[in-house]
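Enquirer: Just dropping this structure here.
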Amino acid sequence: MNLIQLKAKYEEIRKTIVDSYVWKSMFRHGYKDTPRNRVLMTASNVFLHLHPSKMRRHGIKVSYTWCAGGLTFLFFLVLTVTGVILMFYYRPVAEYAFVDMKYLQFDVPFGMVMRNMHRWAAHGMVILVMLHMFRVFMTGSYKPPREFNWVVGVLLLVLTFLLSFTGYLLPWDQLSIWAVTVGTNMARATPLMGHEGPFAEQMRELTGLITPRYDARSFLTAGTVVAAPTLLRFYVLHCIFIPIAAAVLMIVHFWRVRKDGGISGPL
Amino acid sequence: METTIPESKTLTKKPAEANLWTRREFFGFAGWGAFLSAIGLGLLAFVRFMFPRVLFEPSPVFNAGKPSDYTDGEVSEKFKEEQRVWIEREGGKIIAIQAICTHLGCTPRWLSLEGKFKCPCHGSGFRKDGINFEGPAPRPLERLAVRLDDEGNLIIDKSKKFLYEKGEWDDPESFVTL
């Protein structure tokens, strides 16, 4: 069988698969490269339909957008995947957290790669999200009709910082415990809800609450000190609560990009 | 033949009464009210849920031994590791200072040669009595409640703090006179 015959055989098998009922049930439109088919390919696939079926030429100009928003999302996906992988070994319990982190680093095959990918992607996401904000600001893309999407973006920035902050405690070493001690101490000064913040005394008289035991800080730390309950609380916030909140806002953010007229163009 | 339509069957519209809400609005408000109060109560329950009744934390009260264990004019670091508290005896008066920097909560060190507390994080310095004099710390170190029990032991309660800026260092609970 020569190569030409082999190619003909391959084409024959390919055609059988692509023309099959099962294949057609999943991918309703063929690859035939016509403008109409391209739109239908995108619009009839649940994953691809997140993309606009058509976009303007300037939208893919990297020098204009830096692709910072897209890269932030890519980093979020990297963090989700590596994070779930780390969860197979990590236990958010004071006795085990630190040794599990060391176990991942020194013994688990590819553990070091997963941990470092998670760590560096986290740093990268924070940098990219700020670069994205800078680009949007400098190109005036926050102006109407995109003003609400800027607000959603600011909330996503806050959630990115909170993900970074809650994740920082999880290695459960001196650096992370003290960083979170300092960070949560700032919550003492929360207006109305922190026991050392403005109006704390008035709130204490009014409600009998807002003491070191019942205030914004103990809500975060699950007690009066950064201890084992704090680790568990931060773990749940880091792995479940904040990612879901961020994912919901991302859906709104991406949807609004399209509904507000697509990626903004050069002025 | 002429038929007369009974009064009850005529389609005379009643004059529209000025109602506060229409039926539709009423059920709309009732529905949203039920929904929002369920969400709101759930949220309140969640906030309460996040504050457990029992905390498995070490007791804030500890026994620091006899006053005679402390040398006059010295800062004792005996309970710093375990309790984050310095105990100072000065001219027949014993005070307890919390070893938490008032800047961002690190543990300062007592430098006996220089006679000051020095924070390793951002360089805040405090005099022997706890008054801040250098670095970013915004206020003096906090003092803790001290008392003598029936057997003459020093009992220190870390949950009661005495702040210089509120003039609480004169409070008799904040020191023990021998």
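Enquirer: Identify, from the list B:GLY105, B:GLY130, the residue that is open to solvent by less than 10 Å² (accessible area, probe 1.4 Å) and without any contact (Cβ under 8 Å) to a residue 12 or more places away in the chain.
Expert: B:GLY105
Enquirer: Something else now. Quick check, is A:MET87 away from chain B (no Cβ under 14 Å) and out of contact with any Phe, Trp or Tyr (no Cβ under 8 Å at 6 or more places or on another chain)? If you could, list the steps in order and put the result at the bottom.
Expert: Numbers: away from chain B (no Cβ under 14 Å): yes; out of contact with any Phe, Trp or Tyr (no Cβ under 8 Å at 6 or more places or on another chain): yes.
So A:MET87 fits the description; yes.
Enquirer: Hey, another quick one. Against the condition open to solvent by 80 Å² or more (accessible area, probe 1.4 Å), farther than 25 Å from A:LEU209 by Cα and away from chain A (no Cβ under 14 Å), how does B:GLU17 come out, does it pass? I'd like the intermediate steps shown before the answer.
Expert: Working: open to solvent by 80 Å² or more (accessible area, probe 1.4 Å): yes; farther than 25 Å from A:LEU209 by Cα: yes; away from chain A (no Cβ under 14 Å): yes.
It is true that B:GLU17 is open to solvent by 80 Å² or more (accessible area, probe 1.4 Å), farther than 25 Å from A:LEU209 by Cα and away from chain A (no Cβ under 14 Å).
Enquirer: What residue, of B:GLY91, B:GLY123, is touching an Asp or Glu at 6+ places or on another chain (Cβ under 8 Å), among the small types (Gly, Ala, Ser) and within 30 Å of A:VAL180 (Cα to Cα)?
Expert: Going through B:GLY91, B:GLY123 in turn, the sole match is B:GLY123.
Enquirer: Can you go through B:PRO140, B:PRO172, B:PRO136, B:PRO120 and tell me which one is touching a residue at least 24 places away in the same chain (Cβ under 8 Å) and surrounded by fewer than 19 Cβ atoms within 10 Å (Cβ to Cβ)?
Expert: Values: B:PRO140 fails: surrounded by fewer than 19 Cβ atoms within 10 Å (Cβ to Cβ); B:PRO172 fails: touching a residue at least 24 places away in the same chain (Cβ under 8 Å); B:PRO120 fails: touching a residue at least 24 places away in the same chain (Cβ under 8 Å).
Being touching a residue at least 24 places away in the same chain (Cβ under 8 Å) and surrounded by fewer than 19 Cβ atoms within 10 Å (Cβ to Cβ) holds for just one of B:PRO140, B:PRO172, B:PRO136, B:PRO120, which is B:PRO136.
Enquirer: If you check A:VAL236 against the conditions, is it open to solvent by less than 50 Å² (accessible area, probe 1.4 Å) and within 14 Å of chain B (Cβ to nearest Cβ)?
Expert: When the stated conditions are applied, A:VAL236 does not pass them.
Enquirer: Output the number of the condition that A:GLY262 fails; it satisfies all remaining conditions of (1) in contact with a strand residue (DSSP E or B) (Cβ under 7 Å, 6 or more places away or on another chain); (2) surrounded by fewer than 20 Cβ atoms within 10 Å (Cβ to Cβ).
Expert: (1)
Enquirer: Taking the conditions exactly as written (within 14 Å of chain A (Cβ to nearest Cβ), touching a residue at least 40 places away in the same chain (Cβ under 8 Å) and surrounded by 10 or more Cβ atoms within 10 Å (Cβ to Cβ)), does B:PRO60 satisfy them or not?
Expert: Working: within 14 Å of chain A (Cβ to nearest Cβ): yes; touching a residue at least 40 places away in the same chain (Cβ under 8 Å): yes; surrounded by 10 or more Cβ atoms within 10 Å (Cβ to Cβ): yes.
Criteria met by B:PRO60.
Enquirer: Given the conditions (1) free of Cβ contacts under 8 Å to residues at least 40 places away in the same chain; (2) over 26 Å from the mean Cα position of the chain (by Cα), report the number of the one that A:PHE137 does not fulfil.
Expert: (2)
Enquirer: Out of everything in the stretch A:130-154 that is within 18 Å of A:TRP255 (Cα to Cα) and touching a helix residue (DSSP H, G or I) at 6+ places or on another chain (Cβ under 6 Å), what residue ends up being surrounded by the most Cβ atoms within 10 Å (Cβ to Cβ)? Steps first, answer last, please.
Expert: Kept after step one, since they are within 18 Å of A:TRP255 (Cα to Cα), are these residues of the stretch A:130-154: A:132-133, A:136, A:141-154.
Restricting the remaining residues to those that are touching a helix residue (DSSP H, G or I) at 6+ places or on another chain (Cβ under 6 Å) gives A:132, A:142, A:149, A:152.
On the way: A:HIS132: 22, A:TYR142: 17, A:ASN149: 20, A:VAL152: 19.
Filtering first and then ranking leaves A:HIS132.
Every residue, every condition in (1) basic (Lys, Arg); (2) farther than 22 Å from A:ARG188 by Cα; (3) within 14 Å of chain A (Cβ to nearest Cβ), yes or no:
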residue: B:VAL75; (1), (2), (3): no, yes, no
residue: B:ILE94; (1), (2), (3): no, yes, no
residue: B:ARG109; (1), (2), (3): yes, yes, no
residue: B:PHE162; (1), (2), (3): no, no, no
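Enquirer: Quickly run through the stretch A:80-125 and pick out the residues that are assigned to a loop (DSSP other than H, G, I, E, B) and open to solvent by less than 80 Å² (accessible area, probe 1.4 Å).
Expert: A:TYR90, A:PRO92, A:VAL93, A:ALA94, A:VAL108
Enquirer: Inside the stretch A:193-203, can you point out the residues that are over 17 Å from A:THR221 (Cα atoms), within 14 Å of chain B (Cβ to nearest Cβ) and open to solvent by 80 Å² or more (accessible area, probe 1.4 Å)?
Expert: A:GLU201
Enquirer: Out of the residues in the stretch B:78-100 that are more than 16 Å from B:LYS158 (Cα to Cα) and out of contact with any helix residue (DSSP H, G or I) (no Cβ under 8 Å at 6 or more places or on another chain), state the one that is surrounded by the fewest Cβ atoms within 10 Å (Cβ to Cβ). Please lay out each step first, then the result.
Expert: Kept after step one, since they are more than 16 Å from B:LYS158 (Cα to Cα), are these residues of the stretch B:78-100: B:89-93.
Next, only the ones that are out of contact with any helix residue (DSSP H, G or I) (no Cβ under 8 Å at 6 or more places or on another chain) stay: B:90-93.
Working: B:GLU90: 15, B:GLY91: 8, B:GLY92: 10, B:LYS93: 13.
That would be B:GLY91.
Enquirer: Before we move on, is B:PHE29 open to solvent by 60 Å² or more (accessible area, probe 1.4 Å) and either free of Cβ contacts under 8 Å to residues at least 40 places away in the same chain or within 27 Å of A:VAL226 (Cβ to Cβ) (or both)?
Expert: For B:PHE29, the condition - open to solvent by 60 Å² or more (accessible area, probe 1.4 Å) and either free of Cβ contacts under 8 Å to residues at least 40 places away in the same chain or within 27 Å of A:VAL226 (Cβ to Cβ) (or both) - is met.
Enquirer: Restricting attention to the stretch A:1-58, which residues are β-branched (Val, Ile, Thr) and under 19 Å from A:PHE254 (Cβ atoms)? If you could, list the steps in order and put the result at the bottom.
Expert: Applying the first criterion (β-branched (Val, Ile, Thr)) to the stretch A:1-58 yields A:4, A:13, A:16-18, A:22, A:34, A:39, A:42, A:46.
Answer for the stretch A:1-58, where residues must be β-branched (Val, Ile, Thr) and under 19 Å from A:PHE254 (Cβ atoms): A:VAL39, A:THR42, A:VAL46.
Enquirer: Out of the residues in the stretch A:178-191 meeting the condition of being among the hydrophobic types (A, V, I, L, M, F, W, C) and open to solvent by less than 80 Å² (accessible area, probe 1.4 Å), tell me which one is nearest to the other protein chains (Cβ to nearest Cβ).
Expert: A:VAL182
The values are calculated or read from the model by the stated rules, or taken from the named source; none is laboratory data. From a predicted model like this one, the values you see are computed outputs, not experimental measurements. Glycine gets a Cβ as well: all are built from the backbone with ideal geometry, and neighbour counts include every protein chain shown. The protein model used for the area step is the full one, side chains on, heavy atoms only, and it has no ligands, DNA or RNA in it. Shrake-Rupley method; radii C 1.70, N 1.55, O 1.52, S 1.80 Å.
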